[in-house]
Amino acid sequence: MKRFKIEPPQLIIIFYLIILAISLKFTGISYTEVLNESMIKWVMNGVLVLSLVPMINVGAGRNFGLPIGITAGLIGMCIAIEFKLSGWLGLSISILCGGVIAIMFGYMYSIILNRLKGNEEIVGVFAGFSFIPIMNIFWSLAPFKNRQMLYPIGGQGLRPKINLDTYFGGILDNFLKINIGNLTIPLGLILFFLILSFIVYLFQKTRIGIAMAAIPENEIFVKLSGININKYRIICIIFSNVLAAIGIIVYSQSYGFIHLYDGPHMMAFPAISAILVGGASRNNASIFQAVLGAYLYQTTFLLSVPVANELLIPEMSEIVRMIVTNGIILYAFLYEGTGKTNEKI
């Protein structure tokens with residue numbers, strides 16, 4: 001059994017979180033209010049973080065092409081809204097359509113990554129970034145007819161933000177909500193996250209999941225065992241994209257809007273930073289690390305906004321967010337590079 005080891009990114013985030021928690025006393029905001037919000041932020045971003053686990057464990061690296069799976073979920077929600085489906089039916093159809101589209105997108109993405117093994121993360125960055133402008137053309141020309149989705153003038157092209165309040169906005173947040181004094185626990189939202197986590201856990205225990213974990217450890221041995229490595233990589237990459245599609249649906253129903261066009265552009269970086277904060281490496285990530293990292297990372301930035309507004313310059317919260325996000329990713333690359341160098345010596 002591997003022992004849980006605290007790495008510098010985790011220490012930095014925990015130390016920074018403690019400072020923010022102490023500083024919060026001077027802002028007039030109650031800790032209960034922050035705790036309520038942190039639970040929602042944790043899950044609404046946590047599914048996207050969870051979607052990275054299959055790809056990391058199969059040796060395809062951290063999924064910088066996350067916008068590809070996210071876009072599939074956005075299309076799924078647009079299809080549900082096009083037919084004016086609301087409530088649980090709208091959410092279910094969004095997940096179903098988004099999942100089917102994510103399978104198609106994931107398959108095409110997996111073929112690219114299999115052809116360029118060893119450079120998956122660089123390829124993922126360019127694939128994700130280049131996919132956004134392609135989808136921007138789609139959002140402008142897609143034959144949707146629901147007037148609530150279209151630009152008011154001309155009636156052609158989807159709006160950058162589509163309101164979900166009349167459809168399925170906040171449906172998971174409000175499901176089985178428990179109020180204990182001022183503390184509000186979004187039990188339905190948390191249960192949905194735990195169910196997805198359990199599905200990923202079961203997937204890891206299957207024959208595919210066991211073989212998946214062995215591939216990055218010793219690819220030559222796995223190949224000699226008669227396992228089709230490319231096939232298993234394709235399955236895991238598709239699974240990762242399906243989870244990303246579900247993740248953006250969970251995110252959007254909590255957010256209250258569907259954010260199209262450049263909305264998914266930078267969403268991979270906070271998710272990757274979060275799982276690194278949880279303790280994941282390039283070829284090994286657990287569900288616990290995804291869950292822990294998502295909570296630490298999102299709570300840090302939830303606290304930084306009121307503290308920055310009260311004690312510093314309001315714009316500082318976003319600046320700190322970018323520094324921490326990119327700094328953690330940079331550390332991960334430098335740390336792994338040092339490890340490889342030491343091994344050769």
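Considering only residues that are among the aromatic types (Phe, Trp, Tyr) and either out of contact with any Lys or Arg (no Cβ under 9 Å at 6 or more places or on another chain) or open to solvent by 90 Å² or more (accessible area, probe 1.4 Å) (or both), which ones fall in the range 152-201?
The initial filter retains those residues of the range 152-201 that are among the aromatic types (Phe, Trp, Tyr), namely 167-168, 175, 192-193, 198, 201.
Passing the criteria: Phe168, Phe175, Phe192, Phe193, Phe198, Tyr201.
Just one of the numbered conditions (1) open to solvent by less than 70 Å² (accessible area, probe 1.4 Å); (2) under 16 Å from Ala72 (Cα atoms); (3) at pLDDT 90 or above is not true of Phe138; which one?
Phe138 satisfies every listed condition except (1).
If you take just the helices (runs of 4 or more DSSP H) that sit entirely in the range 1-92, which of them hold at least 3 residues that are buried (at least 24 other Cβ atoms within 10 Å of the Cβ)? Break it down into steps so the answer makes sense when it comes.
Details: elements: 8-23, 31-50, 52-57, 66-82.
In the range 1-92, the matching helices (runs of 4 or more DSSP H) lie at 31-50, 52-57, 66-82.
Condition check: at pLDDT 80 or above, aliphatic (A, V, I, L, M) and open to solvent by 30 Å² or more (accessible area, probe 1.4 Å). Does Val320 satisfy that?
When the stated conditions are applied, Val320 does not pass them.
Any residue that is over 30 Å from Phe144 (Cβ atoms) and either of a type in the set (A, V, I, L, M, F, W, C) or in contact with a strand residue (DSSP E or B) (Cβ under 9 Å, 6 or more places away or on another chain) (or both) - is there at least one of those in the range 238-246? Quick ask: steps written out before the conclusion?
Residues of the range 238-246 that are over 30 Å from Phe144 (Cβ atoms), as a first pass: none.
Looking for residues that are over 30 Å from Phe144 (Cβ atoms) and either of a type in the set (A, V, I, L, M, F, W, C) or in contact with a strand residue (DSSP E or B) (Cβ under 9 Å, 6 or more places away or on another chain) (or both), one finds none in the range 238-246, hence no.
Out of Ile137, Ile180, which single residue is within 29 Å of Val34 (Cβ to Cβ) and among the aliphatic types (A, V, I, L, M)? Steps first, please.
Values: Ile137 fails: within 29 Å of Val34 (Cβ to Cβ).
Of the residues listed, the single one that is within 29 Å of Val34 (Cβ to Cβ) and among the aliphatic types (A, V, I, L, M) is Ile180.
When you check Tyr201 against the structure, is it touching a residue at least 40 places away in the same chain (Cβ under 8 Å), under 24 Å from the mean Cα position of the chain (by Cα) and under 30 Å from Leu150 (Cα atoms), yes or no? Full working, then the answer.
Values: touching a residue at least 40 places away in the same chain (Cβ under 8 Å): yes; under 24 Å from the mean Cα position of the chain (by Cα): yes; under 30 Å from Leu150 (Cα atoms): no.
The answer is no for Tyr201.
Answer yes or no as to whether Asn230 is farther than 25 Å from Thr71 by Cα and open to solvent by 10 Å² or more (accessible area, probe 1.4 Å). Break it down stepwise before answering.
Values: farther than 25 Å from Thr71 by Cα: no; open to solvent by 10 Å² or more (accessible area, probe 1.4 Å): yes.
No, not satisfied.
Being surrounded by 13 or more Cβ atoms within 10 Å (Cβ to Cβ), hydrophobic (A, V, I, L, M, F, W, C) and touching an Asp or Glu at 6+ places or on another chain (Cβ under 9 Å): is that true of Leu113 here?
Yes, satisfied.
Yes or no: Ile103 in a helix (DSSP H, G or I) and of a type in the set (Val, Ile, Thr)? Can you show your working first?
On the way: in a helix (DSSP H, G or I): yes; of a type in the set (Val, Ile, Thr): yes.
Yes.
Looking at the range 231-290 only, could you name the residues that are without any contact (Cβ under 8 Å) to a residue 24 or more places away in the chain and of a type in the set (D, E, K, R)?
Selection gives Lys231 alone.
I want to confirm something. Restricting to the range 205-219 and keeping residues that are within 14 Å of Val53 (Cβ to Cβ) and among the small types (Gly, Ala, Ser), which single residue is least open to solvent (accessible area, probe 1.4 Å)?
My answer is Gly209.
Mind checking which residues of the range 158-173 are under 14 Å from Trp88 (Cβ atoms) and of a type outside the set (D, E, K, R)? Even if it seems obvious, please write down each step before you answer.
Of the residues in the range 158-173, the ones under 14 Å from Trp88 (Cβ atoms) are 164, 167-173.
Once the filter is applied, which keeps residues that are under 14 Å from Trp88 (Cβ atoms) and of a type outside the set (D, E, K, R), the range 158-173 yields Leu164, Tyr167, Phe168, Gly169, Gly170, Ile171, Leu172.
The values are calculated or read from the model by the stated rules, or taken from the named source; none is laboratory data. In this text the structure is predicted, and so the values were computed from the model without any measurement. No Cβ is skipped: glycine too gets one built from the backbone with ideal geometry, and neighbour counts run over all protein chains shown. Remember, those area values only see protein heavy atoms, side chains included, never the ligands or the DNA or RNA. Shrake-Rupley method; radii C 1.70, N 1.55, O 1.52, S 1.80 Å.
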